[in-house]
Amino acid sequence: MKNQIRLAAVGVMAACMAATAFAQDSGADTYKAKCAMCHAADGSGSTPAGKAMKALPFSSPDLVKASDADLIASTKNGKGKMPAYSGKLSDGQITAVVAYIRTLQKK
């Protein structure tokens, strides 16, 4: 019985780790396809389009302290010159992109 519980626990942990890795991969893929053209691959906003639209770097204190909900809302509804992605990206894709942005902020 204990072995079955241990196997089940290992299975649940493996599934959670795989889901997290998938979310990061899909967030990175979506970011590269939809966001990097303005925000740059590293989140610096240093692309010609990002400079023209005055995109803040993700390392900006305002964006670092912004909540995930704030970043999700900005992505869904647009903000400043950034277009709205509601209807273009699913809620899951937007959440995964925000999670990926958080990894860029740690670099």
Task: Where A21 falls short, out of the listed (1) aliphatic (A, V, I, L, M); (2) at pLDDT 95 or above; (3) within 17 Å of the chain's Cα centre (by Cα) - done: (2)
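Could you please find all residues in the range 51-78 being assigned to a helix (DSSP H, G or I) and either free of Cβ contacts under 8 Å to residues at least 12 places away in the same chain or touching a strand residue (DSSP E or B) at 6+ places or on another chain (Cβ under 9 Å) (or both)? Steps first, please.
From the range 51-78, those assigned to a helix (DSSP H, G or I) are 51-52, 61-65, 68-77; that's our starting set.
Matches in the range 51-78: K51, A52, P61, D62, K65, A69, D70, A73, S74, T75, K76, N77.
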TODO: For S67, state whether it is within 13 Å of the chain's Cα centre (by Cα), loosely packed, with under 13 Cβ neighbours inside 10 Å, modelled with pLDDT of 95 or more and of a type outside the set (V, I, T).
DONE: yes
Task: Among (1) surrounded by 12 or more Cβ atoms within 10 Å (Cβ to Cβ); (2) touching a residue at least 60 places away in the same chain (Cβ under 8 Å), the one test that M82 misses - done: (2)
Open item on the list: Could you list, ordered by first residue, the pairs with Cβ atoms under 8 Å in which the first is in the range 34-50 and under 21 Å from G87 (Cβ atoms) and the second is among the hydrophobic types (A, V, I, L, M, F, W, C) and part of a loop (DSSP other than H, G, I, E, B), at least 6 apart or interchain?
Closed with: C38/M53; C38/A55; H39/A55; H39/F58
TODO: Tell me, please, whether a residue that is hydrophobic (A, V, I, L, M, F, W, C), at pLDDT 95 or above and within 15 Å of the chain's Cα centre (by Cα) can be found in the range 44-56.
DONE: no
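The values are calculated or read from the model by the stated rules, or taken from the named source; none is laboratory data. All values reported here derive from a predicted model rather than from experimental measurement. So basically every Cβ, Gly included, is an ideal-geometry build from the backbone, and we count neighbours across all protein chains shown.
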